[in-house]
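The values are calculated or read from the model by the stated rules, or taken from the named source; none is laboratory data. Note that this is a predicted model, so its numbers are computed, not measured. Glycine also receives a Cβ, built like all others from the backbone with ideal geometry; neighbour counts cover every protein chain displayed. SASA here: full protein model, heavy atoms, side chains in, ligands and nucleic acids out. Shrake-Rupley method; radii C 1.70, N 1.55, O 1.52, S 1.80 Å.
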Amino acid sequence: MIDSESMRTISKFFSNHVVYKIYAVYSIFCTVHFLSTVSICNGSTNGSINRSIDNFINLEGKIDIAGGTAHLPVMKEAANNIMKRNSKIRISVTGGGSGIGVQKVAAGLVEIGNTGRALSQMEINRYGLKTFPFAIDGVAIIVHPRNPVGVRALNSDQIRDIYQGKITDWNQLTKPITRARANTRSTSTSTINVYTRDEASGTLEVFINTLLYNKNEDNIKNSAVVLPSNGAMKIAVSNDPNAIGFVSMGTTMADSSITTVSLDGVAATQENVRKGIYKLARKLYMNTKGQPSKLVQKFIEYIYSDEGKQIISRAGYLPFYHEYHP
């Protein structure tokens with residue numbers, strides 16, 4: 001068994017370190033203690049409840065889910081699996097952004113409100129919300145594959161200057177920018193077209209707090225094009241050679257229509273998020289108003305199950321185990 005001193009040390013670490021460090025130590029801890037009778041890596045303990053999809057056999061009812069768009073692939077696959085297993089259960093999944101997730105769950109309009117950021121203490125206290133982190137996701141800076149100067153790497157200062165309007169043309173970027181040898185054909189103009197997310201976006205909040213050091217959306221240049229989702233951001237950047245934007249890293253898998261940019265010399269990969277060396281990262285959360293109903297409870301348990309972890313991984317995210325006590 002893991003001794004109490006080890007658990008206190010780990011607990012202190014998780015309380016005092018930023019999110020992009022969490023998964024690295026979490027992975028090391030799982031490797032060191034893989035023979036322990038308590039398995040924190042897969043979320044199971046001796047005598048733990050069965051979290052498989054078979055738990056839905058004798059249930060019925062509906063679950064409405066809304067909020068963060070990064071969550072959609074995980075929520076939709078889980079919902080489809082459950083509804084195929086039991087036709088008496090109906091689960092609807094929509095996006096709208098983290099702010100919409102909080103608003104709707106607080107108003108009782110949905111059973112689960114998803115966020116790509118942690119709830120504020122005010123939100124928890126005012127609305128009586130409970131939060132359930134289930135994945136870790138990086139946020140990738142993206143450009144068009146045919147960027148006018150072949151940009152493939154940027155540092156934090158350059159990204160900040162672009163989004164605040166201090167750098168307005170791709171040609172202003174010189175060394176240490178990496179320029180790909182391919183796809184460097186000049187366009188008629190190299191003016192940088194900046195794309196950002198709406199104020200309800202958890203992805204935007206992480207981007208601002210990590211790179212712009214300011215929680216005010218007005219810190220981004222007024223001419224930036226505001227988009228409502230990760231999907232809309234990908235479409236916009238893929239159709240604009242002069243574009244720059246940012247998206248959930250999980251949405252960039254096997255997508256040749258956009259190019260991810262290294263940040264401060266670190267490639268935008270979930271492996272680097274796991275190692276704790278890519279700093280633009282966050283957790284993904286499910287949130288409920290008060291104690292979840294039995295059906296919602298089973299849905300949350302399913303997301304934390306081994307089957308749920310496989311869904312999370314297929315979506316391009318890192319499963320995050322949260323001790324859940326029904």
Can you tell me how many residues within the range 97-133 are in a strand (DSSP E or B), open to solvent by 10 Å² or more (accessible area, probe 1.4 Å) and of a type in the set (S, T, N, Q)? 1
Quick one: is G97 modelled with pLDDT under 95 and within 18 Å of T288 (Cα to Cα)? yes
Show me the strands (runs of 3 or more DSSP E) entirely contained within the range 236-306 in which 1 or more residues are farther than 24 Å from N147 by Cβ, out of contact with any Lys or Arg (no Cβ under 7 Å at 6 or more places or on another chain) and among the hydrophobic types (A, V, I, L, M, F, W, C). 281-289
Limited to the range 226-247, what total is found for residues that are open to solvent by less than 30 Å² (accessible area, probe 1.4 Å) and of a type in the set (K, R)? 0
The lone exception for A200 - which of (1) assigned to a loop (DSSP other than H, G, I, E, B); (2) over 17 Å from H71 (Cβ atoms) it fails: (2)
